[in-house]
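To start, the structure itself, in structure tokens.
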Amino acid sequence: MVVLSPNTTIGIESIKGLGVPVIDLSRKRSRVSELIVKACEEYGFFKVINHGVSKEIIANMEKEGLDFFAKPSLEKHKAGPPTPLGYGIKNIGFNGDMGEVEYLLLHTNSHSISQISKSISKDSTKFNCVVNDYVQSIRNLACEILDLMAEGLWVQDKSFLSRLIRDVDSDSLIRLNHYPSSPPSSKDNINNNNNTTMDWSHHNNSRIGFGEHSDPQILTLLRSNDVGGLQVSIDDGMWVPIQPDTTAFCVNVGDVLQALTNGRFISARHRVLVNSFKSRMSVVYFGAPPLHAWISPLPELITPQNPCLYRPFTWGEYKKTTYSLRLGDSRLDLFRIH
Ligand code: GA4
């Protein structure tokens with residue numbers, strides 16, 4: 001019998017059937033919404049293909065990211081320190097978390113983008129256009145996915161979820177992450193297993209690019225180059241690698257969506273490991289409500305069998321709590337009433 005110890009990483013190929021669902025958005029709408037709901041209940045993660053975001057918009061965004069990260073360190077620091085917006089390297093948040101990553105964190109509102117773009121690119125007008133185009137397309141895709149979720153959940157107001165991120169005051173973010181390649185050193189062992197444990201994967205002594213956490217917002221849409229590293233935690237302690245696919249977006253449920261669905265959707269923990277030989281770059285959209293928006297479980301998802309799990313809170317309150325804690329802390333538990 002194969003026994004996987006907690007905290008081990010498995011290759012998708014090693015256990016048949018594992019790996020997050022890939023959902024083709026060009027299929028019949030009712031079927032797509034069913035598949036999305038199932039994926040959010042079982043994994044909190046899925047990939048979408050035939051998503052309609054133009055290749056050109058994606059390529060332009062990726063190029064801006066690559067050009068920025070290729071700059072000398074002094075230049076990049078002109079867009080920092082991250083407060084939390086701006087350029088950051090290794091430090092994540094304000095409470096001592098670190099990873100083998102450099103990043104640019106931007107607010108999606110066009111005024112905020114135009115303010116910071118001058119310190120990011122010599123051609124700030126072009127940078128503005130590219131990011132704004134990307135934001136517009138990715139927001140539309142996120143809204144489409146949220147509408148499909150609402151349909152699959154049989155929620156009465158089908159655009160309730162998407163309105164939260166379409167709002168002009170939405171607190172959504174764009175994050176560009178660059179994980180330079182780094183050969184593992186024999187001292188690095190991310191698992192706390194003793195060394196006699198069988199090495200189930202080739203990841204066991206990789207470096208952590210971005211440590212284990214859940215995303216606080218509503219919905220995350222990630223696109224990366226063809227270098228892997230993203231892993232999702234399933235069944236508490238088993239890490240499943242997400243295979244890179246440049247034609248897909250990887251979608252995951254955030255804490256706020258877990259609360260809105262009264263715990264029916266899972267805001268899964270995930271992490272990124274650094275590749276030994278190739279650099280990974282990802283562009284991540286975090287769809288968030290306005291700071292003043294109230295979040296409480298949707299009435300349709302509260303029943304005598306499933307009583308209300310979370311107290312109402314504003315996104316502003318939740319965000320403040322998020323930044324007062326460490327990356328890996330389970331912040332949504334603090335808002336549970338049952
Ligand atoms: C995780 C998801 C997003 O990347 C992010 C991160 C934020 C940051 O890097 O500034 C946080 C992290 C994230 C959760 C806990 C806090 C806040 C770092 C950190 C230690 C931008 C977000 O919204 O939350």
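Mind counting the residues in region 216-236 that are β-branched (Val, Ile, Thr), within 15 Å of the ligand (Cβ to nearest atom) and not in a strand (DSSP E or B)?
Summing the residues that are β-branched (Val, Ile, Thr), within 15 Å of the ligand (Cβ to nearest atom) and not in a strand (DSSP E or B) in region 216-236 gives 1.
Which of the residues belonging to region 300-321 are among the charged types (D, E, K, R) and either within 30 Å of GLY93 (Cβ to Cβ) or under 26 Å from the mean Cα position of the chain (by Cα) (or both)? Lay out the reasoning, then the answer.
First, the residues of region 300-321 that are among the charged types (D, E, K, R): 300, 311, 317, 319-320.
Those that are among the charged types (D, E, K, R) and either within 30 Å of GLY93 (Cβ to Cβ) or under 26 Å from the mean Cα position of the chain (by Cα) (or both): ARG311, GLU317, LYS319, LYS320.
Go through region 307-331 and report how many residues are away from the ligand (no atom under 12 Å from the Cβ) and assigned to a helix (DSSP H, G or I). So that I can check it myself, show each step before the final result.
Step one: filter region 307-331 for residues away from the ligand (no atom under 12 Å from the Cβ), giving 307-314, 316-317.
With the extra rule that they be assigned to a helix (DSSP H, G or I), the set shrinks to 316-317.
Final tally of qualifying residues: 2.
Testing PRO81 on (1) in contact (Cβ under 8 Å) with a residue 40 or more places away in the chain; (2) in a loop (DSSP other than H, G, I, E, B); (3) not hydrophobic (A, V, I, L, M, F, W, C), one condition comes back false. Which one is that?
PRO81 satisfies all of (1) in contact (Cβ under 8 Å) with a residue 40 or more places away in the chain; (2) in a loop (DSSP other than H, G, I, E, B); (3) not hydrophobic (A, V, I, L, M, F, W, C) except (1).
Exactly one condition in (1) farther than 27 Å from GLU212 by Cα; (2) over 23 Å from the mean Cα position of the chain (by Cα) is false for PRO184; which is it?
Of (1) farther than 27 Å from GLU212 by Cα; (2) over 23 Å from the mean Cα position of the chain (by Cα), only one is false for PRO184: (1).
Can you pull out every residue in region 94-108 that is part of a loop (DSSP other than H, G, I, E, B) and surrounded by fewer than 17 Cβ atoms within 10 Å (Cβ to Cβ)?
Let us first name the residues in region 94-108 that are part of a loop (DSSP other than H, G, I, E, B), namely 94-96, 108.
PHE94, ASN95, GLY96, listed by residue number.
May I ask you to say which residue of ASN140, ASN91 is out of contact with any Leu (no Cβ under 7 Å at 6 or more places or on another chain), part of a strand (DSSP E or B) and surrounded by fewer than 19 Cβ atoms within 10 Å (Cβ to Cβ)?
Numbers: ASN140 fails: part of a strand (DSSP E or B).
Being out of contact with any Leu (no Cβ under 7 Å at 6 or more places or on another chain), part of a strand (DSSP E or B) and surrounded by fewer than 19 Cβ atoms within 10 Å (Cβ to Cβ) holds for just one of ASN140, ASN91, which is ASN91.
Looking at VAL272, VAL283, can you tell me which residue is within 16 Å of the ligand (Cβ to nearest atom), touching a Phe, Trp or Tyr at 6+ places or on another chain (Cβ under 6 Å) and part of a strand (DSSP E or B)?
Values: VAL283 fails: touching a Phe, Trp or Tyr at 6+ places or on another chain (Cβ under 6 Å).
Criteria check complete, one pass: VAL272.
Does SER119 satisfy the condition of being closer than 16 Å to HIS77 by Cβ and not aromatic (Phe, Trp, Tyr)? Steps first, please.
Values: closer than 16 Å to HIS77 by Cβ: yes; not aromatic (Phe, Trp, Tyr): yes.
Judged against the criteria, SER119 is a match.
Is there a residue in region 109-117 that is within 16 Å of the ligand (Cβ to nearest atom), assigned to a helix (DSSP H, G or I), over 17 Å from SER282 (Cα atoms) and of a type in the set (Val, Ile, Thr)?
Here is the first cut: in region 109-117, the residues within 16 Å of the ligand (Cβ to nearest atom) are 109, 112-113, 116.
Pick out the ones that are also assigned to a helix (DSSP H, G or I) and you get 112-113, 116.
Retained after the next criterion (residues that are over 17 Å from SER282 (Cα atoms)): 112-113, 116.
Among the residues that remain, those that are also of a type in the set (Val, Ile, Thr) are: 113, 116.
Yes, region 109-117 contains at least one residue that is within 16 Å of the ligand (Cβ to nearest atom), assigned to a helix (DSSP H, G or I), over 17 Å from SER282 (Cα atoms) and of a type in the set (Val, Ile, Thr).
In region 16-69, what count of residues is obtained for those that are in a helix (DSSP H, G or I), surrounded by fewer than 20 Cβ atoms within 10 Å (Cβ to Cβ) and among the acidic types (Asp, Glu)?
Count: 5.
(1) away from the ligand (no atom under 16 Å from the Cβ); (2) in a loop (DSSP other than H, G, I, E, B): which one isn't true of SER267, the others all being true?
(1)
Given ILE145, ILE120, ILE165, ILE89, which one is modelled with pLDDT of 95 or more and touching an Asp or Glu at 6+ places or on another chain (Cβ under 6 Å)? So that I can check it myself, show each step before the final result.
Numbers: ILE145 fails: touching an Asp or Glu at 6+ places or on another chain (Cβ under 6 Å); ILE120 fails: touching an Asp or Glu at 6+ places or on another chain (Cβ under 6 Å); ILE165 fails: touching an Asp or Glu at 6+ places or on another chain (Cβ under 6 Å).
Answer to the check: ILE89.
What about SER73, is it within 28 Å of SER137 (Cβ to Cβ) and either modelled with pLDDT of 95 or more or among the basic types (Lys, Arg) (or both)?
Details: within 28 Å of SER137 (Cβ to Cβ): no; either modelled with pLDDT of 95 or more or among the basic types (Lys, Arg) (or both): yes.
The answer is no for SER73.
Kindly establish whether PRO297 is buried (at least 21 other Cβ atoms within 10 Å of the Cβ) and away from the ligand (no atom under 14 Å from the Cβ).
Values: buried (at least 21 other Cβ atoms within 10 Å of the Cβ): yes; away from the ligand (no atom under 14 Å from the Cβ): yes.
Judged against the criteria, PRO297 is a match.
From the list ILE295, ILE242, exactly one residue is over 16 Å from the mean Cα position of the chain (by Cα) and β-branched (Val, Ile, Thr). Which is it? Working first, answer last.
Details: ILE242 fails: over 16 Å from the mean Cα position of the chain (by Cα).
That would be ILE295, the only listed residue that is over 16 Å from the mean Cα position of the chain (by Cα) and β-branched (Val, Ile, Thr).
The values are calculated or read from the model by the stated rules, or taken from the named source; none is laboratory data. This is a predicted model, so every value here is computed, not measured. Glycine gets a Cβ as well: all are built from the backbone with ideal geometry, and neighbour counts include every protein chain shown.
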